[in-house]
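Shown next, in structure tokens, is the structure this report addresses.
Coordinate-derived values only; no laboratory data. This one's a predicted model, so the numbers in the text were calculated from it and none came from an experiment. For neighbour counting, all protein chains shown are included, and Cβ atoms are generated from backbone atoms with ideal geometry for every residue, glycine included.
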Amino acid sequence: MDQNRTPLFDAMVSLAESRKVSFHTPGHKSGKGISTRFRKYVGPRVFSIDLTCLDEVDSLQKPRGVIKEAQELAADIYGADHSYFLVNGTSGGNQAMIVSSLSPGEPVLVTRNVHKSVISGMIMTGCQPVFIPFKLGHGASFPLNYGTQDILESIEKHPYIRTLYLTSPNYYGVTVDLEKVADAAHAHGMRVLLDEAHGPHLHFHPELPSSGMAAGIDLSVQSTHKIIGGMTQASMLHAKKERIDIDRLSTVLRYLQTTSPSYILMASLDLARMQMATEGVKLLGRALELARWARMKIREIPGLKCANRTEIHAISGGENDLDETKLTIDVRGWGVSGYHVSQRLNLEFGIQVEMADIDHVLIIVSIGDHRGDLERLVSALTALSGEKPHLGSRTPVPSMVFFDNLLRMTPREAFFSPHETVSLEESAGRVAADIITVYPPGVPLLVPGEEITPPVIDTLQRFRDSGATMDGLDMTNRFIQVVSGNGPKT
């Protein structure tokens, strides 16, 4: 297929330039009714392509024209049988994969480092998660991804389960050996679903880890907006039809996606695909060069560490790989939290990082970065390093914890059970009724239906006191929703 084509975007521009009279939504009528301040800041043209479902530009709910063509071009370049445009992010794609693949009460083998949207999909479906134990002790300052052998052992241990759910890369850019896992799962009659939110670029450069589709994954969802040229909320879902019910998946997407999708977001997907297909190697090669230079310079700054690909290979025994466009900067040598460093970079140097946790700040280097951006970051970190004796100290807190909690109810049962609010201190032995995460990265510390234990309470309190952003607790981060009574014993 001709990957230079952008059928959806071209149709949108053609319609906008035709200057037809509009008696349909959106109500601003090509910007004529939009706020003057808004129009002055962003310019008038963007509103002329803020369209609704029309014959010329097709319908996402049932694509038969230019959206269908654009999705077929995406499937062709990614190596999928079917690709779908998503306008509510990878969160919506995770939910769609769960709802289309599982039934109420059905077990799913799942890694504990899934995004909270996967758990929300389980609440919708009523399926039964079977979590693969997460093993620490590798010596890295941040959570690596699951080891291949740990996943393979869980596949062998649960031969009755038909669905495996993985996350790769994780937020820190650490990947799983997807090809080996997919081969083993398929040999046991399992389909493999993949949250590949942080990997939309992997398919387009030979020096990056393998993409899900290239590795033989059955369903993969990617945040096109995170690393390459999609606009915020714009993601793609890729499917191979051998083990996936494509008709059911398409139906579920119609149920979960809005009937008024943003054509601007969809156009950004059409263009991002074209850009990667035609210029991906060059653009990503430049991003890799910048990331490698910055990593080298950061590793020279006193008190800082920034793991490289070779170290991740060695620490994991060769079971994990690293997307080098992610720079996880370990600030423990400065005696402060990543939150503190993030705030100082923002307020004093005008630098905003992707994420901070207790021990790190995370930098994403993408196709939109330039050498000057990375030089500014290195200079700011060097300046902070020069005053490190005055930065202070803190009580050690783990960057991320994965608890092997007792699941006493399914997430759906817990969510729909009567709830009550109790203080964290009083919640030991109770059943969680909500998803509790530190956000970002949005990985659940507690899943609805799990028993709350003293170690969980202690960790939540330490995260709270360190300044972490907590989702699922009250506004003070001191109270938690639990199932009324104690829930059923299992």
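Numerical summary
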item: Whether segment 235-316 is rounded, prolate or oblate, judged on the alpha carbon gyration tensor where a/c under 1.5 counts as rounded; result: prolate
item: Between segment 228-290 and segment 147-169, the alpha-carbon center distance in angstrom; result: 26 Å
item: Proximal charge balance of Thr6 [Cβ under 12 Å; K/R count +1, D/E count -1]; result: -2
item: Charge sum, other residues only, whose C-beta stays under 13 Å from Val422's C-beta, Lys/Arg counted +1 and Asp/Glu -1; result: -3
item: For segment 1-158, alpha-carbon Rg relative to the globular expectation (2.2 N^0.38 Å, N residues); result: 1.48
item: Which of Phe463, Phe85, Phe479 has the fewest Cβ neighbours within 10 Å, and the rest in rising order; result: Phe479, Phe463, Phe85
item: Cα gyration tensor category, rounded, prolate or oblate, for segment 71-134 with a/c compared to 1.5; result: prolate
item: Shape call, the chain: gyration tensor on alpha carbons, a/c limit 1.5; result: rounded
item: Under 14 Å, Cβ to Cβ, from Ile217 - net charge with Lys/Arg +1 and Asp/Glu -1; result: -3
item: Between segment 40-108 and segment 190-222, the alpha-carbon center distance in angstrom; result: 18 Å
item: Calculated diffusion of segment 61-258, Stokes-Einstein form, Kirkwood radius summed over Cα pairs, 37 °C and 0.692 mPa s, µm²/s; result: 196 µm²/s
item: Helix-only [θ]222 nm of the chain, DSSP H runs n ≥ 4, -39500 (n - 2.57) each, per residue, nearest 500; result: -11500 deg cm²/dmol
item: Extension gain, Asp474 back to Val281 (0.36 nm per residue minus Cα-Cα distance, nm); result: 64.9 nm
item: Antiparallel bridges, percent of DSSP beta bridges restricted to the chain (to nearest 5); result: 70 percent
